[in-house]
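The values are calculated or read from the model by the stated rules, or taken from the named source; none is laboratory data. Predicted model only: the values in this text are computed from it and were never measured. Note: ideal-geometry Cβ built from the backbone for every residue, glycine included; neighbour counts use all protein chains shown. Please note that ligands, DNA and RNA were not included when accessible areas were found on the heavy atoms of the full protein model with its side chains. Shrake-Rupley method; radii C 1.70, N 1.55, O 1.52, S 1.80 Å.
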Amino acid sequence: MSFVQNFPFFSIIIAMFSGILSSVLNGKQARNVSLGAIAVTTVMSGAVLWFCLGTGESYTYMMGHFPAPWGNEIRAGVLEGLTALIFGVVMLLSVIGGMRRIFLDVENGKINQFFILVDLMLSSLLALIYTNDLFTAYVFVEINTIAGCGLIMIRQKGHSFTAAIRYMIMSQLGSGLFLIGLSLLYDVTGHLLMSPAKETVAVIEASGSYEIPMLVILAVISVGLAIKSGLYPFHAWIPDTYGYATPAASAMLSGLVSKGYIFLLIKIFYRVLGRETVIASRIVNVLFLFGLAGMIMGSVHAILEKDTRRMIAYSSVAQIGYIYMGIGLGTQAGMVAAVFHMFTHSATKALLFISAAGLYEVSGGKKDYKSLRGAGYRNPLAGIGFAVGALSMVGFPMLSGFISKLLFATSALQSPHKMMLTLIGLAVSTVLNAVYFLRLVITLYTKRTEPAETEVSRSPWMLRGAVACFILLNLILGLGSQPIVKAIADGLAMFD
(Lines give C-alpha, C1' and ligand atoms only; values in the text may rest on other atoms or scores of the structure.)
Protein backbone atom coordinates (compact mmCIF):
# COMPACT_ATOMS: atom_id res chain seq x y z
CA MET A 1 0.00 0.00 0.00
CA SER A 2 1.26 3.46 -0.94
CA PHE A 3 1.69 5.93 1.92
CA VAL A 4 -0.68 8.35 0.14
CA GLN A 5 -3.50 5.85 0.56
CA ASN A 6 -3.46 6.53 4.30
CA PHE A 7 -4.21 10.22 3.78
CA PRO A 8 -8.05 10.05 3.90
CA PHE A 9 -7.88 8.39 7.33
CA PHE A 10 -5.13 10.76 8.48
CA SER A 11 -7.19 13.76 7.34
CA ILE A 12 -10.22 12.82 9.43
CA ILE A 13 -8.09 12.06 12.50
CA ILE A 14 -6.06 15.28 12.17
CA ALA A 15 -9.25 17.35 12.00
CA MET A 16 -10.74 15.63 15.06
CA PHE A 17 -7.59 15.88 17.14
CA SER A 18 -7.27 19.55 16.19
CA GLY A 19 -10.63 20.11 17.84
CA ILE A 20 -9.49 18.30 20.97
CA LEU A 21 -6.26 20.30 21.07
CA SER A 22 -8.08 23.60 20.52
CA SER A 23 -10.20 22.99 23.61
CA VAL A 24 -7.20 23.73 25.86
CA LEU A 25 -5.81 26.64 23.84
CA ASN A 26 -6.67 30.32 23.72
CA GLY A 27 -8.41 31.89 20.74
CA LYS A 28 -5.36 32.81 18.67
CA GLN A 29 -3.65 29.47 19.31
CA ALA A 30 -6.83 27.60 18.39
CA ARG A 31 -7.04 29.71 15.23
CA ASN A 32 -3.52 28.70 14.20
CA VAL A 33 -4.18 25.01 14.90
CA SER A 34 -7.43 25.10 12.94
CA LEU A 35 -5.90 26.88 9.94
CA GLY A 36 -3.01 24.42 10.01
CA ALA A 37 -5.37 21.44 10.10
CA ILE A 38 -7.42 22.75 7.19
CA ALA A 39 -4.29 23.48 5.16
CA VAL A 40 -2.70 20.07 5.84
CA THR A 41 -5.88 18.09 5.09
CA THR A 42 -6.39 20.09 1.90
CA VAL A 43 -2.89 19.22 0.72
CA MET A 44 -3.55 15.58 1.61
CA SER A 45 -6.78 15.66 -0.38
CA GLY A 46 -4.86 17.01 -3.36
CA ALA A 47 -2.37 14.15 -3.00
CA VAL A 48 -5.21 11.59 -2.91
CA LEU A 49 -6.70 13.12 -6.07
CA TRP A 50 -3.32 13.01 -7.81
CA PHE A 51 -2.78 9.39 -6.77
CA CYS A 52 -6.21 8.24 -7.99
CA LEU A 53 -5.83 10.11 -11.28
CA GLY A 54 -2.52 8.32 -11.75
CA THR A 55 -3.87 4.85 -11.00
CA GLY A 56 -7.22 5.39 -12.73
CA GLU A 57 -9.11 3.53 -10.03
CA SER A 58 -10.47 3.87 -6.52
CA TYR A 59 -9.33 1.96 -3.46
CA THR A 60 -10.62 0.97 -0.03
CA TYR A 61 -8.79 1.41 3.25
CA MET A 62 -9.62 -1.10 5.98
CA MET A 63 -9.60 0.56 9.40
CA GLY A 64 -8.11 -1.92 11.87
CA HIS A 65 -7.44 -4.27 8.94
CA PHE A 66 -10.69 -6.17 9.45
CA PRO A 67 -12.23 -7.08 6.07
CA ALA A 68 -15.85 -6.59 5.08
CA PRO A 69 -18.48 -7.13 6.34
CA TRP A 70 -17.04 -6.82 9.89
CA GLY A 71 -14.61 -3.96 9.49
CA ASN A 72 -15.08 -0.26 8.85
CA GLU A 73 -13.83 1.06 5.54
CA ILE A 74 -12.82 4.28 3.90
CA ARG A 75 -13.06 4.55 0.14
CA ALA A 76 -11.17 7.06 -1.99
CA GLY A 77 -11.36 7.77 -5.69
CA VAL A 78 -11.06 10.67 -8.10
CA LEU A 79 -14.38 12.24 -7.12
CA GLU A 80 -13.74 11.90 -3.38
CA GLY A 81 -10.29 13.47 -3.72
CA LEU A 82 -11.56 16.30 -5.91
CA THR A 83 -14.49 17.06 -3.59
CA ALA A 84 -12.31 17.03 -0.48
CA LEU A 85 -9.78 19.31 -2.18
CA ILE A 86 -12.36 21.91 -3.23
CA PHE A 87 -14.15 21.76 0.12
CA GLY A 88 -10.82 22.27 1.90
CA VAL A 89 -9.91 25.28 -0.21
CA VAL A 90 -13.33 26.86 0.31
CA MET A 91 -13.23 26.28 4.07
CA LEU A 92 -9.70 27.68 4.39
CA LEU A 93 -10.56 30.83 2.43
CA SER A 94 -13.86 31.25 4.32
CA VAL A 95 -12.13 31.17 7.70
CA ILE A 96 -9.34 33.48 6.56
CA GLY A 97 -11.72 35.94 4.91
CA GLY A 98 -14.05 36.07 7.89
CA MET A 99 -11.29 36.15 10.53
CA ARG A 100 -11.79 39.77 11.59
CA ARG A 101 -15.51 39.29 12.12
CA ILE A 102 -14.89 36.10 14.09
CA PHE A 103 -12.87 38.03 16.67
CA LEU A 104 -15.46 40.85 16.70
CA ASP A 105 -18.64 38.74 16.78
CA VAL A 106 -17.52 36.05 19.24
CA GLU A 107 -16.68 36.66 22.90
CA ASN A 108 -12.97 36.45 23.67
CA GLY A 109 -13.41 33.48 25.98
CA LYS A 110 -15.29 31.52 23.32
CA ILE A 111 -13.16 32.08 20.25
CA ASN A 112 -11.41 28.74 20.77
CA GLN A 113 -14.87 27.11 20.84
CA PHE A 114 -15.57 28.58 17.41
CA PHE A 115 -12.48 26.88 16.02
CA ILE A 116 -13.34 23.61 17.78
CA LEU A 117 -16.62 23.68 15.84
CA VAL A 118 -14.74 24.44 12.61
CA ASP A 119 -12.49 21.42 13.22
CA LEU A 120 -15.50 19.20 13.92
CA MET A 121 -17.17 20.41 10.74
CA LEU A 122 -14.01 19.70 8.75
CA SER A 123 -13.73 16.17 10.14
CA SER A 124 -17.41 15.43 9.50
CA LEU A 125 -17.28 16.68 5.90
CA LEU A 126 -14.18 14.60 5.18
CA ALA A 127 -15.83 11.56 6.75
CA LEU A 128 -18.99 12.00 4.67
CA ILE A 129 -16.83 12.20 1.56
CA TYR A 130 -14.59 9.22 2.30
CA THR A 131 -16.56 6.76 4.43
CA ASN A 132 -17.72 3.47 2.97
CA ASP A 133 -19.86 2.67 6.02
CA LEU A 134 -23.46 3.87 6.37
CA PHE A 135 -23.57 4.01 10.15
CA THR A 136 -20.32 5.96 10.25
CA ALA A 137 -21.94 8.35 7.78
CA TYR A 138 -24.88 8.80 10.15
CA VAL A 139 -22.58 9.48 13.10
CA PHE A 140 -20.76 12.22 11.20
CA VAL A 141 -24.04 13.62 9.87
CA GLU A 142 -24.93 14.26 13.52
CA ILE A 143 -21.50 15.71 14.27
CA ASN A 144 -21.94 18.03 11.29
CA THR A 145 -25.36 19.09 12.58
CA ILE A 146 -24.03 19.87 16.07
CA ALA A 147 -21.07 21.82 14.65
CA GLY A 148 -23.35 23.81 12.35
CA CYS A 149 -25.76 24.61 15.15
CA GLY A 150 -22.91 25.78 17.37
CA LEU A 151 -21.49 28.02 14.64
CA ILE A 152 -24.87 29.72 14.26
CA MET A 153 -25.55 30.42 17.93
CA ILE A 154 -22.01 31.31 19.00
CA ARG A 155 -22.71 34.99 18.27
CA GLN A 156 -25.19 34.83 21.19
CA LYS A 157 -27.76 37.23 19.76
CA GLY A 158 -31.52 36.79 19.72
CA HIS A 159 -31.76 36.09 15.99
CA SER A 160 -28.84 33.65 16.21
CA PHE A 161 -30.51 31.60 18.93
CA THR A 162 -33.79 31.50 16.99
CA ALA A 163 -31.98 30.48 13.80
CA ALA A 164 -30.01 27.78 15.63
CA ILE A 165 -33.16 26.29 17.17
CA ARG A 166 -34.92 26.23 13.80
CA TYR A 167 -31.85 24.70 12.19
CA MET A 168 -31.61 22.03 14.89
CA ILE A 169 -35.30 21.08 14.63
CA MET A 170 -35.22 20.70 10.83
CA SER A 171 -31.86 18.94 10.88
CA GLN A 172 -33.00 16.44 13.50
CA LEU A 173 -36.11 15.74 11.44
CA GLY A 174 -33.91 15.00 8.45
CA SER A 175 -31.48 12.95 10.55
CA GLY A 176 -34.34 10.93 12.03
CA LEU A 177 -35.68 10.03 8.60
CA PHE A 178 -32.20 9.16 7.41
CA LEU A 179 -31.66 6.87 10.42
CA ILE A 180 -35.01 5.17 9.83
CA GLY A 181 -33.98 4.54 6.23
CA LEU A 182 -30.62 3.08 7.30
CA SER A 183 -32.32 0.86 9.91
CA LEU A 184 -34.72 -0.50 7.30
CA LEU A 185 -31.87 -1.03 4.85
CA TYR A 186 -29.87 -2.95 7.45
CA ASP A 187 -32.94 -5.02 8.29
CA VAL A 188 -33.34 -5.98 4.62
CA THR A 189 -29.71 -6.43 3.60
CA GLY A 190 -27.88 -7.22 6.85
CA HIS A 191 -25.03 -4.88 5.86
CA LEU A 192 -23.87 -1.37 6.70
CA LEU A 193 -20.82 -1.28 4.44
CA MET A 194 -21.82 0.17 1.09
CA SER A 195 -20.34 -2.42 -1.27
CA PRO A 196 -21.80 -5.55 0.42
CA ALA A 197 -25.13 -3.73 0.81
CA LYS A 198 -25.20 -2.99 -2.92
CA GLU A 199 -24.56 -6.64 -3.77
CA THR A 200 -27.47 -7.69 -1.57
CA VAL A 201 -29.73 -5.00 -3.01
CA ALA A 202 -28.92 -6.30 -6.50
CA VAL A 203 -29.93 -9.83 -5.48
CA ILE A 204 -33.17 -8.50 -3.94
CA GLU A 205 -33.99 -6.54 -7.09
CA ALA A 206 -33.29 -9.56 -9.29
CA SER A 207 -35.61 -11.76 -7.19
CA GLY A 208 -38.39 -9.16 -7.19
CA SER A 209 -38.80 -9.34 -3.40
CA TYR A 210 -39.04 -6.48 -0.91
CA GLU A 211 -40.26 -4.05 -3.58
CA ILE A 212 -42.31 -1.90 -1.20
CA PRO A 213 -39.69 -1.86 1.62
CA MET A 214 -36.97 -0.88 -0.86
CA LEU A 215 -39.13 1.95 -2.20
CA VAL A 216 -39.76 3.15 1.36
CA ILE A 217 -36.03 3.00 2.13
CA LEU A 218 -35.20 5.04 -0.96
CA ALA A 219 -37.91 7.61 -0.26
CA VAL A 220 -37.08 8.05 3.44
CA ILE A 221 -33.33 8.42 2.87
CA SER A 222 -33.90 10.87 0.00
CA VAL A 223 -36.34 13.02 1.95
CA GLY A 224 -34.15 12.99 5.06
CA LEU A 225 -31.06 14.24 3.22
CA ALA A 226 -33.16 16.65 1.12
CA ILE A 227 -34.41 18.28 4.34
CA LYS A 228 -30.88 18.55 5.70
CA SER A 229 -29.57 20.09 2.49
CA GLY A 230 -32.41 22.63 2.24
CA LEU A 231 -34.28 21.46 -0.86
CA TYR A 232 -37.47 23.43 -1.46
CA PRO A 233 -40.01 23.26 0.26
CA PHE A 234 -37.84 22.18 3.25
CA HIS A 235 -35.92 25.45 3.08
CA ALA A 236 -37.52 27.60 5.80
CA TRP A 237 -34.47 27.41 8.08
CA ILE A 238 -31.99 28.65 5.46
CA PRO A 239 -32.51 32.46 5.46
CA ASP A 240 -32.09 32.84 9.22
CA THR A 241 -29.30 30.26 9.45
CA TYR A 242 -27.14 31.82 6.74
CA GLY A 243 -28.28 35.38 7.39
CA TYR A 244 -27.48 35.76 11.09
CA ALA A 245 -24.28 33.74 11.53
CA THR A 246 -20.86 35.40 11.41
CA PRO A 247 -19.62 35.68 7.77
CA ALA A 248 -17.13 32.80 8.00
CA ALA A 249 -19.83 30.51 9.41
CA SER A 250 -22.34 31.64 6.77
CA ALA A 251 -19.83 30.91 4.02
CA MET A 252 -19.15 27.41 5.36
CA LEU A 253 -22.77 26.57 6.11
CA SER A 254 -24.05 27.70 2.72
CA GLY A 255 -21.09 26.57 0.67
CA LEU A 256 -20.16 23.24 2.27
CA VAL A 257 -22.58 21.69 4.75
CA SER A 258 -25.53 21.20 2.43
CA LYS A 259 -23.16 19.88 -0.27
CA GLY A 260 -21.80 17.26 2.13
CA TYR A 261 -25.32 15.84 2.53
CA ILE A 262 -25.94 15.91 -1.21
CA PHE A 263 -22.63 14.14 -1.84
CA LEU A 264 -23.66 11.44 0.64
CA LEU A 265 -27.00 11.04 -1.14
CA ILE A 266 -25.22 10.61 -4.47
CA LYS A 267 -22.95 7.97 -2.93
CA ILE A 268 -25.96 6.07 -1.61
CA PHE A 269 -27.70 6.25 -4.99
CA TYR A 270 -24.66 4.86 -6.81
CA ARG A 271 -22.91 2.63 -4.32
CA VAL A 272 -25.73 1.23 -2.19
CA LEU A 273 -29.07 1.27 -3.96
CA GLY A 274 -27.74 1.29 -7.51
CA ARG A 275 -28.37 4.04 -10.06
CA GLU A 276 -30.63 1.89 -12.21
CA THR A 277 -32.74 0.96 -9.19
CA VAL A 278 -33.10 4.62 -8.22
CA ILE A 279 -34.15 5.61 -11.74
CA ALA A 280 -36.62 2.71 -11.96
CA SER A 281 -38.24 3.79 -8.69
CA ARG A 282 -38.97 7.22 -10.25
CA ILE A 283 -37.88 8.99 -7.10
CA VAL A 284 -35.67 11.04 -9.41
CA ASN A 285 -38.81 12.51 -10.97
CA VAL A 286 -39.88 13.82 -7.57
CA LEU A 287 -36.44 15.32 -6.94
CA PHE A 288 -36.55 16.85 -10.42
CA LEU A 289 -39.86 18.62 -9.76
CA PHE A 290 -38.83 19.86 -6.33
CA GLY A 291 -35.54 21.04 -7.82
CA LEU A 292 -37.36 23.05 -10.48
CA ALA A 293 -39.67 24.53 -7.85
CA GLY A 294 -36.67 25.49 -5.74
CA MET A 295 -34.94 27.16 -8.71
CA ILE A 296 -37.94 29.44 -9.23
CA MET A 297 -39.29 29.98 -5.72
CA GLY A 298 -35.89 30.57 -4.14
CA SER A 299 -35.25 33.35 -6.65
CA VAL A 300 -38.72 34.84 -6.14
CA HIS A 301 -38.13 35.02 -2.36
CA ALA A 302 -34.70 36.56 -2.98
CA ILE A 303 -36.25 39.30 -5.14
CA LEU A 304 -38.77 40.14 -2.42
CA GLU A 305 -36.15 40.27 0.34
CA LYS A 306 -34.87 43.69 1.48
CA ASP A 307 -32.08 42.44 3.74
CA THR A 308 -29.19 41.61 1.42
CA ARG A 309 -27.77 38.82 3.57
CA ARG A 310 -31.14 37.08 3.58
CA MET A 311 -31.33 37.69 -0.16
CA ILE A 312 -28.00 35.90 -0.63
CA ALA A 313 -29.28 33.11 1.63
CA TYR A 314 -32.49 32.71 -0.38
CA SER A 315 -30.43 32.42 -3.55
CA SER A 316 -28.95 29.25 -2.01
CA VAL A 317 -32.43 27.72 -2.12
CA ALA A 318 -32.46 28.32 -5.87
CA GLN A 319 -28.95 26.94 -6.37
CA ILE A 320 -29.70 23.79 -4.35
CA GLY A 321 -32.71 23.42 -6.62
CA TYR A 322 -30.33 23.38 -9.61
CA ILE A 323 -28.36 20.52 -8.07
CA TYR A 324 -31.44 18.40 -7.38
CA MET A 325 -32.81 19.17 -10.82
CA GLY A 326 -29.61 17.77 -12.32
CA ILE A 327 -29.83 14.66 -10.15
CA GLY A 328 -33.49 14.33 -11.12
CA LEU A 329 -32.66 14.19 -14.83
CA GLY A 330 -31.63 10.60 -14.17
CA THR A 331 -28.71 10.64 -16.60
CA GLN A 332 -24.98 10.49 -16.14
CA ALA A 333 -24.64 13.90 -17.80
CA GLY A 334 -27.19 15.36 -15.40
CA MET A 335 -25.30 13.96 -12.43
CA VAL A 336 -22.02 15.41 -13.72
CA ALA A 337 -23.71 18.80 -14.06
CA ALA A 338 -25.13 18.51 -10.52
CA VAL A 339 -21.73 17.68 -9.00
CA PHE A 340 -20.02 20.48 -10.92
CA HIS A 341 -22.67 22.92 -9.68
CA MET A 342 -21.96 21.73 -6.14
CA PHE A 343 -18.41 22.98 -6.62
CA THR A 344 -19.60 26.16 -8.34
CA HIS A 345 -22.01 27.01 -5.56
CA SER A 346 -19.48 26.19 -2.83
CA ALA A 347 -16.90 28.56 -4.23
CA THR A 348 -19.28 31.30 -5.38
CA LYS A 349 -21.58 31.49 -2.38
CA ALA A 350 -18.65 31.66 0.02
CA LEU A 351 -17.24 34.48 -2.13
CA LEU A 352 -20.55 36.35 -1.90
CA PHE A 353 -20.80 36.11 1.89
CA ILE A 354 -17.17 37.08 2.48
CA SER A 355 -17.33 39.96 -0.01
CA ALA A 356 -20.61 41.16 1.49
CA ALA A 357 -18.95 41.32 4.91
CA GLY A 358 -16.40 43.78 3.49
CA LEU A 359 -19.19 45.87 1.98
CA TYR A 360 -21.15 45.99 5.23
CA GLU A 361 -18.06 47.20 7.09
CA VAL A 362 -17.94 50.35 4.94
CA SER A 363 -21.69 50.90 5.18
CA GLY A 364 -22.09 51.35 8.91
CA GLY A 365 -22.76 47.65 9.40
CA LYS A 366 -26.10 47.99 7.62
CA LYS A 367 -27.33 45.45 5.11
CA ASP A 368 -30.22 47.15 3.30
CA TYR A 369 -29.97 48.31 -0.31
CA LYS A 370 -30.05 52.03 0.49
CA SER A 371 -27.13 51.84 2.92
CA LEU A 372 -25.04 49.84 0.44
CA ARG A 373 -25.16 52.48 -2.27
CA GLY A 374 -21.63 53.23 -3.41
CA ALA A 375 -20.10 50.51 -1.21
CA GLY A 376 -18.27 49.16 -4.26
CA TYR A 377 -16.29 52.41 -4.38
CA ARG A 378 -15.61 52.48 -0.64
CA ASN A 379 -14.27 48.92 -0.67
CA PRO A 380 -13.16 48.24 -4.26
CA LEU A 381 -11.94 44.64 -3.90
CA ALA A 382 -15.01 43.51 -1.96
CA GLY A 383 -17.18 45.20 -4.60
CA ILE A 384 -15.35 43.40 -7.40
CA GLY A 385 -15.58 40.09 -5.50
CA PHE A 386 -19.31 40.46 -5.02
CA ALA A 387 -19.79 41.44 -8.66
CA VAL A 388 -17.84 38.38 -9.83
CA GLY A 389 -19.88 36.11 -7.55
CA ALA A 390 -23.15 37.66 -8.68
CA LEU A 391 -22.26 37.40 -12.37
CA SER A 392 -21.23 33.77 -11.84
CA MET A 393 -24.60 32.96 -10.28
CA VAL A 394 -26.35 34.65 -13.21
CA GLY A 395 -24.27 32.63 -15.68
CA PHE A 396 -21.80 35.13 -17.13
CA PRO A 397 -19.31 33.55 -19.60
CA MET A 398 -15.83 32.64 -18.33
CA LEU A 399 -17.17 32.13 -14.78
CA SER A 400 -18.07 28.82 -13.15
CA GLY A 401 -21.82 29.50 -13.09
CA PHE A 402 -21.87 29.73 -16.88
CA ILE A 403 -20.33 26.27 -17.19
CA SER A 404 -22.87 24.87 -14.71
CA LYS A 405 -25.82 26.18 -16.69
CA LEU A 406 -24.27 25.04 -19.95
CA LEU A 407 -23.85 21.53 -18.53
CA PHE A 408 -27.45 21.50 -17.28
CA ALA A 409 -28.73 22.63 -20.68
CA THR A 410 -26.73 20.05 -22.64
CA SER A 411 -27.64 17.25 -20.21
CA ALA A 412 -31.33 18.15 -20.63
CA LEU A 413 -31.03 17.24 -24.31
CA GLN A 414 -30.43 13.63 -23.24
CA SER A 415 -33.74 13.53 -21.34
CA PRO A 416 -36.45 14.09 -23.96
CA HIS A 417 -39.33 13.92 -21.47
CA LYS A 418 -37.73 16.51 -19.18
CA MET A 419 -35.95 18.65 -21.76
CA MET A 420 -38.50 21.44 -22.15
CA LEU A 421 -39.18 21.77 -18.42
CA THR A 422 -35.44 21.92 -17.74
CA LEU A 423 -34.72 24.54 -20.40
CA ILE A 424 -37.68 26.68 -19.39
CA GLY A 425 -36.69 26.39 -15.73
CA LEU A 426 -33.11 27.40 -16.54
CA ALA A 427 -34.28 30.39 -18.58
CA VAL A 428 -36.76 31.65 -15.99
CA SER A 429 -34.37 31.10 -13.08
CA THR A 430 -31.53 32.88 -14.91
CA VAL A 431 -33.72 35.92 -15.53
CA LEU A 432 -34.76 35.97 -11.87
CA ASN A 433 -31.10 35.57 -10.80
CA ALA A 434 -30.23 38.58 -12.91
CA VAL A 435 -33.02 40.65 -11.34
CA TYR A 436 -31.86 40.38 -7.73
CA PHE A 437 -28.11 39.97 -8.18
CA LEU A 438 -27.60 42.67 -10.78
CA ARG A 439 -29.89 45.01 -8.85
CA LEU A 440 -27.52 44.75 -5.89
CA VAL A 441 -24.41 45.10 -8.07
CA ILE A 442 -25.86 48.26 -9.63
CA THR A 443 -26.65 49.53 -6.11
CA LEU A 444 -23.05 48.95 -5.03
CA TYR A 445 -21.84 51.20 -7.85
CA THR A 446 -24.50 53.88 -7.53
CA LYS A 447 -22.98 56.88 -5.78
CA ARG A 448 -24.72 58.11 -2.66
CA THR A 449 -26.26 61.57 -2.55
CA GLU A 450 -25.48 61.85 1.17
CA PRO A 451 -22.14 61.06 2.87
CA ALA A 452 -21.62 57.47 4.04
CA GLU A 453 -21.54 56.75 7.77
CA THR A 454 -18.22 54.95 7.40
CA GLU A 455 -15.58 55.85 4.86
CA VAL A 456 -13.11 52.99 4.78
CA SER A 457 -11.30 52.05 1.62
CA ARG A 458 -9.33 49.01 2.71
CA SER A 459 -10.37 45.83 4.46
CA PRO A 460 -8.00 43.65 6.50
CA TRP A 461 -5.43 41.88 4.34
CA MET A 462 -6.96 38.50 5.20
CA LEU A 463 -10.33 39.48 3.73
CA ARG A 464 -8.72 41.00 0.65
CA GLY A 465 -6.55 37.94 0.13
CA ALA A 466 -9.48 35.56 0.54
CA VAL A 467 -11.65 37.52 -1.92
CA ALA A 468 -8.84 37.56 -4.49
CA CYS A 469 -8.32 33.79 -4.12
CA PHE A 470 -12.05 33.12 -4.38
CA ILE A 471 -12.16 35.13 -7.62
CA LEU A 472 -9.23 33.08 -8.92
CA LEU A 473 -10.97 29.83 -7.90
CA ASN A 474 -14.09 30.90 -9.75
CA LEU A 475 -12.08 31.64 -12.88
CA ILE A 476 -10.30 28.29 -12.61
CA LEU A 477 -13.64 26.48 -12.41
CA GLY A 478 -14.91 28.52 -15.36
CA LEU A 479 -11.92 28.64 -17.70
CA GLY A 480 -10.41 25.29 -16.67
CA SER A 481 -13.66 23.36 -16.46
CA GLN A 482 -12.85 20.63 -18.99
CA PRO A 483 -10.42 18.58 -16.86
CA ILE A 484 -12.64 19.10 -13.80
CA VAL A 485 -15.73 17.85 -15.65
CA LYS A 486 -13.74 14.86 -16.92
CA ALA A 487 -12.55 14.10 -13.39
CA ILE A 488 -16.15 14.23 -12.14
CA ALA A 489 -17.28 11.86 -14.90
CA ASP A 490 -14.40 9.48 -14.18
CA GLY A 491 -15.13 9.61 -10.46
CA LEU A 492 -18.82 8.80 -10.97
CA ALA A 493 -17.82 5.90 -13.23
CA MET A 494 -15.72 4.55 -10.35
CA PHE A 495 -18.84 4.69 -8.15
CA ASP A 496 -20.47 2.10 -10.39
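Here are a few things to note about the model shown:
- Spatially proximal lysines relative to Lys306 (Cα-Cα < 17 Å; intrachain offsets below 8 disregarded): Lys366, Lys367, Lys370
- Note on the range 99-151: Rg/Rh from C-alpha atoms, Kirkwood Rh, equals 1.10.
- Using Cβ point charges alone (K and R +1, D and E -1), the dipole size of the range 129-202 about the Cα centre works out to roughly 460 debye.
- Computed E for Lys366/Leu413 - FRET, C-beta separation, R0 60 angstrom, nearest 0.05: 0.85
- Overall dimensions of the chain by Cα: Rg and Dmax, Å: 21.5, 75
- Debye, to nearest 20: dipole size of the chain, +1 on Lys, Arg Cβ, -1 on Asp, Glu Cβ: 1600
- Rolling a 1.4 Å probe over the protein heavy atoms gives the range 109-166 an accessible area of 29 Å² per residue.
- Using C-alpha pairs under 8 Å with a sequence gap of at least 6, the mean separation divided by the residue count of the chain gives a relative contact order of 15 percent.
- Computed with a 1.4 Å probe over protein heavy atoms only, the accessible surface of the range 270-370 comes to 24 Å² per residue.
- Whole-percent pair-distance distribution, where bins are 10 Å wide, for the alpha carbons of the range 380-432: 25, 43, 22, 8, 1
- Cross-link reach is defined here as a Cα-Cα straight distance under 18 Å, omitting same-chain residues fewer than 8 places apart; for Lys110 the aspartates and glutamates meeting it are Asp119.
- Lys367 accessible area, 1.4 Å probe, all protein chains in place, Å² to nearest 10: 60
- Placing unit charges on the Cβ atoms only, positive for Lys and Arg and negative for Asp and Glu, gives the range 358-496 a dipole magnitude near 360 debye about its Cα centre.
- Size check on the range 330-489: the Cα extents along the three principal axes, sorted descending, read 56, 29, 19 Å.
- Divided by 2.2 N^0.38 Å, where N counts the residues, the Cα radius of gyration of the range 180-327 comes to 1.17.
- Ordering Thr344, Ala375, Ala15 by the projection of their Cα atoms onto the charge dipole of the chain, which places +1 on the Cβ of Lys and Arg and -1 on the Cβ of Asp and Glu, puts Ala375 at the extreme positive end.
- Sequence of Leu352, Leu432, Leu104 from largest to smallest accessible area, 1.4 Å probe: Leu104, Leu432, Leu352
- Computed in the context of the full set of protein chains, the accessible area of the chain at 1.4 Å probe radius has 69% of its extent on carbon or sulfur.
- Within the chain, helix-based [θ] at 222 nm, where runs of 4 or more DSSP H residues each add -39,500 (n - 2.57), nearest 500: -25000 deg cm²/dmol
- Principal axis box of the range 181-256, alpha-carbon based, largest edge first, Å: 52, 24, 17
- Candidate lysines - alpha carbon under 20 Å from Lys228, same-chain residues fewer than 8 apart omitted: Lys259, Lys267, Lys349
- Cα lying deepest toward the dipole's positive end in the chain, options Met325, Tyr445, Pro397, charges on Cβ: Tyr445
- The alpha-carbon positions of the range 1-121 define a convex hull whose volume is 105 Å³ per residue.
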